[in-house]
Amino acid sequence: MRDKLKKGGAAAAPKIIAIETTGPLASCALSAGEGAICRVNYTDYSHLEEIAPMVREILADAGLEPDALDAIAVSRGPGSFTGIRIGMATAKGLAIVWNKPIIEVPTLAAFAYGDYPWIKVERPLICPIFDARRNQIYAGAYSPFYRQAIVEDGAYAPEDFLSALKAAMKQFDKAVFFGDAAEIFVQACGALDFSHIVAPADSR
């Protein structure tokens, strides 16, 4: 297990523990205003073994007891059915034990809330794409300015998502692809007739 750690934030801000298990990598974070303590497990699909220990370790890193938390956030998908079930069950169990509310976070739409200083255009379209297997992808497209879905998230045949994306790109400067299927999708599409970029690996 390797850590990604960033600390900071206002002391009075809500403290939320967040759980992500919808893809190959389990992760969790403690959010408190502008700052967060984040941890990612880089062993594929080891969610069941790793997510609860990561939650305990992240609270220990922050020097917090569960009573100090305001809520538990959990990624609700789309994504791996087993992963979603593990994440939801973990969040529900913690919420019962700690008497905290649960916030369900739409996995793909969350990308529209990221901070991406390397995006240099005024009107990007945020496009997370994940492998759904069986020749399908989980995908959606979002405006980070309006934080709304331009192409609704769901399971798509790659050619169907590309068609929807082409129609959406008429009002945007560049498509920015995230997710574990981003590179494969772009390569499979060949020469795209709109401006695009694949996010750097550490942001993907």
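Structure summary
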quantity	calculated
Positions within the range 93-113 being in a loop (DSSP other than H, G, I, E, B) and more than 14 Å from the chain's Cα centre (by Cα), in sequence order	Asn99, Lys100, Pro101
The lone exception for Ala10 - which of (1) assigned to a loop (DSSP other than H, G, I, E, B); (2) at pLDDT 85 or above; (3) over 21 Å from Glu104 (Cβ atoms) it fails	(2)
Residues located in the range 164-204, provided they are of a type outside the set (A, V, I, L, M) and closer than 19 Å to Tyr138 by Cα	Lys166, Phe177, Phe178, Gly179, Asp180, Glu183, Phe185, Gln187, Cys189, His196, Ser203, Arg204
Unmet requirement for Tyr116, which otherwise passes all of (1) in a loop (DSSP other than H, G, I, E, B); (2) surrounded by fewer than 15 Cβ atoms within 10 Å (Cβ to Cβ)	(2)
Contacts under 7 angstrom Cβ, first residue in the range 67-82 being closer than 27 Å to Gly154 by Cα and hydroxyl-bearing (Ser, Thr, Tyr), partner modelled with pLDDT of 95 or more and part of a helix (DSSP H, G or I), 6 or more apart	Ser75/Gly87
Sole exception among (1) within 20 Å of Thr107 (Cβ to Cβ); (2) out of contact with any Leu (no Cβ under 8 Å at 6 or more places or on another chain) for Gly63, by number	(1)
Any chance Ala91 is among the small types (Gly, Ala, Ser), under 17 Å from Glu20 (Cα atoms) and either in contact with a strand residue (DSSP E or B) (Cβ under 9 Å, 6 or more places away or on another chain) or at pLDDT below 95 (or both)	yes
Those residues of the range 27-84 which are among the β-branched types (Val, Ile, Thr) and either closer than 25 Å to Pro14 by Cβ or open to solvent by less than 30 Å² (accessible area, probe 1.4 Å) (or both), in sequence order	Ile37, Val40, Ile51, Val55, Ile58, Ile72, Val74, Ile84
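The values are calculated or read from the model by the stated rules, or taken from the named source; none is laboratory data. Computed from a predicted structure; not experimentally measured. Cβ sites come from the backbone with ideal geometry, for glycine too, and all protein chains shown count toward neighbours. Only protein heavy atoms, including side chains, enter the accessible area calculation; ligands, DNA and RNA are left aside. Shrake-Rupley method; radii C 1.70, N 1.55, O 1.52, S 1.80 Å.
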